[in-house]
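The structure under discussion appears below in the form of structure tokens.
The values are calculated or read from the model by the stated rules, or taken from the named source; none is laboratory data. Computed from a predicted model, the values in this text were never measured in an experiment. All Cβ positions, even for glycine, are placed from backbone atoms using ideal geometry, and neighbour counts span all protein chains on display. To get the accessible areas, we keep the full protein, side chains included, count just its heavy atoms, and leave off ligands, DNA and RNA. Shrake-Rupley method; radii C 1.70, N 1.55, O 1.52, S 1.80 Å.
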Amino acid sequence: MALPAVKLRVASAIAAMIWPERYTVMDVRALGGLGAPNTYLEYVAACKELAKRYGVDLRTLDRALFHWSELQSKARKRTRYI
């Protein structure tokens, strides 16, 4: 994040590419599903805990959280019309 144009989400994506076993991509949609941790390090800790609990790597968990957020979004859209 020392580079002027690099914000947290981009920095997390770079770190996840270089060290996929240590870091995951900061996803604002997944953040809500995890109870909105206050910092990126809390977010990573929560993701690591879930990944360990379910026996998956961080990338797989990232994909699952993204998919979960898509399902939640679609469910919210459907309930608006009921």
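Assorted remarks:
- Residues in the range 48-72 that are surrounded by 11 or more Cβ atoms within 10 Å (Cβ to Cβ) and hydroxyl-bearing (Ser, Thr, Tyr) were compared, and the one that is farthest from residue 19 (Cα to Cα) is 69.
- Residue match in the range 27-36 (condition: at pLDDT 85 or above, open to solvent by 30 Å² or more (accessible area, probe 1.4 Å) and within 13 Å of the chain's Cα centre (by Cα)): no
- Subset of the range 43-74 that is small (Gly, Ala, Ser) and in contact (Cβ under 8 Å) with a residue 40 or more places away in the chain - its residue that is nearest to residue 15 (Cα to Cα): 69
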